[in-house]
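The values are calculated or read from the model by the stated rules, or taken from the named source; none is laboratory data. From a predicted model like this one, the values you see are computed outputs, not experimental measurements. Methodologically, a virtual Cβ is constructed for each residue, glycine included, from the backbone with ideal geometry; neighbour enumeration extends over all protein chains shown. Remember, those area values only see protein heavy atoms, side chains included, never the ligands or the DNA or RNA. Shrake-Rupley method; radii C 1.70, N 1.55, O 1.52, S 1.80 Å.
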Amino acid sequence: MTVLYKKIIGTTLLIVLIGIVIYNGIKPEDSSVNEVDVTGDTSVNGTAIVSPNGSQGLKVGEKAIDFTLETLDGKKVTLSDYLGKKVFINFWASWCGPCRVEMPDMEKFNQEFNEEVIVLAINATGSEFRLKDVENFLDQGNFSFTTLLDPGDEITEKYRIVNIPTTYFIGTDGTIQEKPHSGPMTYEFMVEMKDKIN
């Protein structure tokens, strides 16, 4: 009797698990979100969920939202301290493949233009599995641009980030001067954006 009872329980559990797998594998025809490739590089795996109307982020001409965040070593950095400088604000995460692709180009850009443009790389820390993953990735890359932690993703939310990487281009007047860029940036694109904002 117990063997029969165990078989019935096991079969029932198996049927429930198969049902869950099938249910999760079916996408509704009228989905409220769109999955799009944001890598720009077909050799890199990575997608993001974006809103159905395509709107995201703050608009060109808006004042950049001020913030104060900390670096890994606890140094506080405030955006408004850079008024009068061009600033790129890049939102990223260590688990994000496209983010990893653009980081070496960001480093090259920072090495060459750090007197003219401040690069602030805001880590969406609330989405990370462990802070150690962020530390390890930054150590391996030996990146010199300023990396900030957003542990509650408060700034990420204020800037209305719906996919990463996303970069904002702030002019010397403290306003957003170009449309935010979703997806990885190349060195050449960063130079182009540096020359477009003033």
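Okay, here's what the table says:
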{"quantity": "Accessible surface of region 137-198, 1.4 Å probe, proportion on carbon and sulfur as whole %", "calculated": "45 percent"}
{"quantity": "Region 101-108 - phi-based ³J(HN,Hα) in whole Hz, Karplus 6.51/-1.76/1.60, Gly and Pro as x", "calculated": "5, 7, 4, x, 5, 5, 5, 4"}
{"quantity": "Long pairs among Lys86/Lys194; Lys85/Lys158; Lys75/Lys158; Lys86/Lys108, criterion Cα-Cα beyond 19 Å", "calculated": "Lys85/Lys158; Lys75/Lys158"}
{"quantity": "Accessible area per residue in Å² at 1.4 Å probe, computed on region 50-198", "calculated": "47 Å²"}
{"quantity": "Region 63-198, Rg to Rh (Cα coordinates; Rh as Kirkwood inverse mean 1/r)", "calculated": "0.92"}
{"quantity": "Debye, to nearest 20: dipole size of region 49-128, +1 on Lys, Arg Cβ, -1 on Asp, Glu Cβ", "calculated": "220 debye"}
